[in-house]
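Derivation of every value follows stated rules applied to the coordinates shown; laboratory data play no part. Please read all numbers here as calculations on a predicted model, not as lab measurements. Note that we place each Cβ from the backbone using ideal geometry, even for glycine, and neighbour counts take in every protein chain shown.
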Amino acid sequence: MGHTVASRQQVSPATAATTKVTAMIRVGVIGAQGKMGAQTCRAVEAADDLELTAQVDVGDDLATLAGAHVAVDFTHPGAVMDNIAWCVSHGLSVVAGTSGFTEGRLATVESQLARAPEVGVIVVPNFSIGAVLMMRFAAEAARFYESVEIVELHHPTKADAPSGTARRTAELIAAVRSKAGAGPNPDATVDQVDGARGATIEGIAVHSLRIRGLVAHQEVILGSAGEILTIRHDSLDRESFMPGVLAAVRAVVNTPGLTVGLDSALGLA
Ligand SMILES: NC(=O)c1ccc[n+]([C@@H]2O[C@H](COP(=O)([O-])OP(=O)(O)OC[C@H]3O[C@@H](n4cnc5c(N)ncnc54)[C@H](O)[C@@H]3O)[C@@H](O)[C@H]2O)c1
């Protein structure tokens, strides 16, 4: 499901820090004091083939990252684009876990990468392997059902809605349904309170719940006459994201260009 977009334009590289990394991978973490950043620092320190060389948070100089092969960004949608621009222009590859990526933002990153042909950026809406599989299963099922809607449920300190995972799931489902010639979801609503039917992403309704006590959860509900298929994934602890984060770190250092999704890093693409 993830797609790789190779940088097209060959211009002189910045400080080609990413040229075929085969030994210890040096990793910097941006947003290192945050929930995901701190967990990533611990996971990198525990991995034999990775070395944690920088921990950056608000107010720290990004120059601290110099010498790293890859930066992992878990910051804020308002900060991640500047961080990526800095990293790419300094020859660092990036694992971007921060949410809020739109097609426009991906296009911006791609144009920056065109000027740094040895650098890789992987944007991953969800590092959970279960969530990646949930997206694949939902896309697989989408053409067989008349109706499909997405419900995503998160902790109330999340800045963006809907989640990056829900957006991506909707895009994948919409692509499959369009290819299969499926019509729009049946819906007789003519009178509604604003927002009652959720946000619409590429024709798919997405409903966002923010509830204290939740971590990250998503249901894809598919229906046809006489049957319902519900595909649900629950992230119960941020630790579940770490195998995916480390797989992305190992993949991106030797994968120039823009990659979206974890599938290729997991050998699923
Ligand atoms: N892709 C995934 O699987 C996944 C999983 C969980 C969270 N997320 C996303 O990751 C991001 C971070 O989530 P979190 O729960 O760790 O948030 P958090 O608020 O706990 O941590 C964010 C950290 O980033 C720091 N920060 C903000 N702006 C910065 C900047 N310009 N430079 C350096 N540091 C900066 C903050 O000070 C904070 O320490 C969010 O966008 C969230 O939606 C993605």
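Details
- Spacing of the two label points (7 Å from each Cα toward its C-beta) at Phe137 and Ala66, in nm: 4.9
- Choice from Ser163, Ser147, Ser178 with maximal GNM fluctuation in the chain (Cα, 10 Å cutoff): Ser178
- Counting only Cβ charges, +1 for Lys and Arg and -1 for Asp and Glu, the dipole size of the stretch 135-269 around its Cα centre is about 380 debye.
- By the count of neighbouring beta-carbon atoms within 10 Å, fewest first, Asp160, Asp194 end up ordered Asp194, Asp160.
- Charge-dipole axis of the chain as Lys and Arg at +1 and Asp and Glu at -1 on Cβ define it, positive-most pick from Ile211, Ile150, Ala114: Ala114
- Neighbour net charge for Ile221 - beta-carbon separation under 13 angstrom, K R +1, D E -1: -4
- The chain - percent relative contact order, Cα under 8 Å, separation 6 or more: 27
- Only Lys, Arg (+1) and Asp, Glu (-1) charged, at Cβ; the chain dipole about Cα centre in debye: 320
- Residues Thr75, Thr259 arranged by fewest to most Cβ contacts within 10 Å: Thr75, Thr259
- Loop-located trypsin sites (Lys or Arg not before Pro) across the stretch 33-141 with a Cβ neighbour count of 16 or fewer within 10 Å are Arg115, with loop assigned by DSSP.
- The stretch 129-237, relative contact order in percent, only Cα pairs under 8 angstrom and at least six apart counted: 41
- For the chain, convex hull volume per residue from C-alpha positions, Å³: 132
- Working note: Cα gyration tensor of the stretch 129-237, eigenvalues times five, square-rooted, sorted largest first, giving semi-axes of 22, 17, 12 Å.
- Each DSSP beta bridge with both residues in the chain is either parallel or antiparallel, and the antiparallel ones are about 45%.
- Going from the residue with the fewest nearby Cβ atoms within 10 Å to the one with the most, Phe127, Phe241 rank Phe241, Phe127.
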